[in-house]
Amino acid sequence: MPHCTDTTVPRPVTLPPMLERNRLLDVFQMADLLGFSVAHIRRMYRTGKLPAPVRVGGRKVGWPAHVAAALTGSLDKEAA
């Protein structure tokens with residue numbers, strides 16, 4: 001029986017919908033998702049244009065995925 005020892009291929013992780021909805025996105029993921037620079041994302045939440053992020057650690061912050069999804073919808077409506 002062959003034994004697979006190849007561990008270089010990452011396995012996709014599928015989370016249940018509730019967990020996926022509450023997953024935290026860091027500032028880099030938010031910048032990529034919304035199409036802004038990291039500096040602009042930080043400016044936006046400091047000026048109140050983005051909801052305040054959740055503090056994860058000392059300097060680490062993140063936004064729940066459902067917040068990011070709602071923001072992409074509202075940004076699309078503003079651009080139209």
remark   = Glu20 vs (1) at pLDDT 90 or above; (2) surrounded by 11 or more Cβ atoms within 10 Å (Cβ to Cβ); (3) charged (D, E, K, R): all pass except (1)
request  = Within region 31-48, track down each residue that is surrounded by 13 or more Cβ atoms within 10 Å (Cβ to Cβ) and either in contact with a strand residue (DSSP E or B) (Cβ under 6 Å, 6 or more places away or on another chain) or not in a helix (DSSP H, G or I) (or both).
outcome  = Phe36
query = When the residues of region 57-77 are filtered to those that are surrounded by 16 or more Cβ atoms within 10 Å (Cβ to Cβ) and more than 11 Å from Arg21 (Cα to Cα), which remaining residue is modelled with the lowest pLDDT?
reply = Leu71
message = Testing Thr47 on (1) modelled with pLDDT under 75; (2) farther than 13 Å from Val67 by Cα, one condition comes back false. Which one is that?
response = (1)
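The values are calculated or read from the model by the stated rules, or taken from the named source; none is laboratory data. What you see is a predicted model, and the numbers here were worked out from it, not measured in a lab. All Cβ positions, glycine included, derive from the backbone under ideal geometry; neighbour counts span all protein chains shown.
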